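Each remark here refers to the structure printed beneath this line.
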Ligand code: GLN
């Protein structure tokens, strides 16, 4: 690993203590939630100027919450599941009173009057919410270069992207600027940055985690999920996030499983599919080798591995970029200079206010998507593009369902390459879209997935292995991921 850039500030890549250890230390009085929070704010002060993960800090609220946890601990009261755990929140989720920009200028100055349900659940579980995390504008992107507030840098190599759109969320965990974070994934935005930064990132089944308070990009695809440094920690945060919410009409009523317990179960006997379409042209050889080592490790632990074909996979990128942009064009119509955030100072009448506020407030990628989506939905093109995309989406979902009739999980690379350099793809939107090739299909199908580190390239860049499971198959994917983690941790030791 000697090839990592020498300019990395010392102490940047620290691994957080586990949630279990933090809770135990607070309970037995050897640490306090307030002291832990202070330490995290000190790290943020030290490293955030280089990483640019946090856009806003919510210190006052956080210290109040930490004090409450400490008061409970002092009385010997039972502690909630995430008591005193420092957590950061992607800036597309609302947090009462905190600036919420979605990485866009058009929301500059907006402070929502309410919490997203995911945020409420974290608070109720005792988490200490440190602040809001940088991301691609409206979660559109794969590199975090589309943020109006500057790119996030990958803590493993500051010249490289952390992935996107939840780049700040992944980088914050990798640099231990939070123990866990919230991200969102519409076409890969949790799994891909997790892969690039060497952390665990989870895409919950559609409907498993409430979207209430999430600034919508593509409502039929958007999911909220956790990042953490270990599979067990990710599972613990998922247990808190998951569950029915009457405020989200698509939220599932199904009871939540014990995900943390699943991470302790051996993987022996699980049937794992390896789709050939995820190992074809365009897959970097070092990424391939690391993923194959992960698969070998599962095999060695007694999984039955089987090569399979998901033959419609190649249609996923065009289908995704039609469905997602169509929904985005409708969702983003609300940003008009009237109700939230930015309004052009040059506006002279109603129509110039709409036009100029949107012209000045949105970045290039967001505009590109609004145009594309509006076109795909327009009369005369609707059937050829949008309706056709929905039909193919259904075929892609059915293909997964058929595969899961005989399999417990599917494993594949999360992304075709490791983290690329800042600026490398920013002039080529199509190349950027193609980097989503392994993640968008699961998004379209509504199934669950995650990315778990499975090794590094010769240059020391992290590689993620993707585990996909059927709808509500979270326990199984956590179990498989823990198997990969055990093997790669042993290999590292
Ligand atoms: N990179 C994909 C896109 O740009 C996915 C983004 C996401 O999941 N939010 O749309």
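Taken together, the values in this text are just the output of simple stated rules run on the coordinates, not laboratory data. Keep in mind that this is a model prediction, so the values were computed, not measured. As a convention, Cβ positions derive from the backbone with ideal geometry for all residues, glycine included, and neighbour counts pool all protein chains shown.
Pairwise over distinct Cα atoms, reciprocal of the mean inverse distance: report the Kirkwood radius of segment 329-397 in Å, one decimal place.
Here the Kirkwood hydrodynamic radius works out to 13.7 Å.
Compute the Cα gyration tensor for segment 363-493, then decide on rounded, prolate or oblate, letting a ≥ b ≥ c be the square roots of its eigenvalues: rounded whenever a/c is under 1.5, prolate when a/b is larger than b/c in the other cases, and oblate in all that remain.
In terms of gyration-tensor shape, oblate.
What order do you get for 259, 114, 433 when you list them from fewest to most C-beta neighbours inside 10 Å?
If I rank by nearby Cβ atoms, fewest first, I get 114, 433, 259.
For segment 1-94, rounded, prolate or oblate, judged on the Cα gyration tensor with a ≥ b ≥ c (square roots of eigenvalues), a/c < 1.5 rounded, else prolate if a/b > b/c? Provide the component values of the computation, followed by the final result.
Values: a/c = 2.52, a/b = 1.65, b/c = 1.53.
Prolate is the answer for segment 1-94, as a/c is 1.5 or above and a/b outweighs b/c.
Taking Rh as the Kirkwood radius computed over C-alpha pairs, what is the Stokes-Einstein D of segment 407-481 at 25 °C in a medium of viscosity 0.890 mPa s, expressed in µm² per second?
Answer, rounded: 181 µm²/s.
What is the calculated FRET efficiency for residue 108 to residue 64, with r their C-beta to C-beta distance and R₀ = 35 Å, to the nearest 0.05?
After rounding, the FRET efficiency stands at 0.85.
Convex hull over the alpha-carbon atoms of segment 220-301: what's its volume per residue in Å³?
Looking at segment 220-301, the number lands at 160 Å³ per residue.
Report the calculated FRET efficiency for residue 428 and residue 371 (r = Cβ-Cβ distance, R0 = 30 Å), to the nearest 0.05.
0.95
Translational diffusion coefficient, Stokes-Einstein: compute it for segment 186-327 using the Kirkwood radius over C-alpha pairs as Rh, at 4 °C and 1.567 mPa s, and state it as an integer in µm² s⁻¹.
74 µm²/s
Let me understand segment 280-415 better: what is its radius of gyration from the alpha carbons, and its Dmax, in angstrom?
Spelled out, the Cα radius of gyration and Dmax of segment 280-415 are 21.8, 70 Å.
How big is the chain by the Kirkwood estimate over distinct Cα pairs, in Å?
That comes to 22.4 Å for the chain.
Based on the Cβ-Cβ distance from residue 10 to residue 379, what FRET efficiency comes out when R0 is 56 Å, to the nearest 0.05?
E(calc), rounded to 0.05, equals 0.40.
Please report, in whole Å³, the volume per residue of the convex hull around the C-alpha atoms of segment 445-493. Could you put the intermediate results ahead of the total?
Details: hull volume 2.8 nm³, N = 49.
Per-residue hull volume (Cα only) is 57 Å³.
So what's the back-of-envelope 222 nm ellipticity for the chain, counting only DSSP H runs of four-plus at -39500 (n - 2.57) apiece and dividing by all residues, rounded to 500? Before the final figure, lay out each step's value.
On the way: 16 runs with 189 residues, N = 493.
Result for the chain: -12000 deg cm²/dmol, rounded to the nearest 500.
Have a look at the DSSP beta bridges in the chain and tell me what percent are antiparallel, nearest 5. Intermediate results must be reported in sequence, preceding the final value.
Values: 30 of 45 bridges.
Looking only at bridges with both residues in the chain, the antiparallel portion is about 65 percent.
Averaging over all projection directions, find the projected area of the Cα convex hull of segment 239-287 and quote it in nm² with one decimal place.
That works out to 6.9 nm², a quarter of the Cα hull's surface.
Would you please classify the overall shape of segment 139-246 from the alpha carbon gyration tensor, given that a ≥ b ≥ c denote the square roots of the eigenvalues, rounded means a/c under 1.5, and beyond that prolate means a/b larger than b/c while oblate covers the rest?
Here segment 139-246 falls in the oblate category.
Just order 187-197, 102-112 by mean Cβ neighbour count inside 10 Å, highest at the front, would you?
Highest mean packing first, the order is 187-197, 102-112.
Could you list 312, 471 so that the one with the fewest beta carbons within 10 Å of its beta carbon is first and the one with the most is last? Don't skip to the answer; put the middle values down first.
On the way: 312 16, 471 19.
Exposure proxy ranking, most exposed first: 312, 471.
Between residue 250 and residue 349, what is the label-to-label distance in nm when each label sits 7 Å out along the Cα-to-Cβ direction?
Computed distance between label sites residue 250 and residue 349 equals 3.9 nm.
Extent of segment 19-160 along each principal axis, from alpha carbon coordinates, in Å, largest to smallest?
47, 36, 21
In what sequence do 353, 95 fall when counting other Cβ within 10 Å, fewest first?
Least to most surrounded, the residues fall as 353, 95.
So how far, in whole Å, is the C-alpha centre of segment 85-145 from the one of segment 392-452?
Between the Cα centres of segment 85-145 and segment 392-452 lies a distance of 25 Å.
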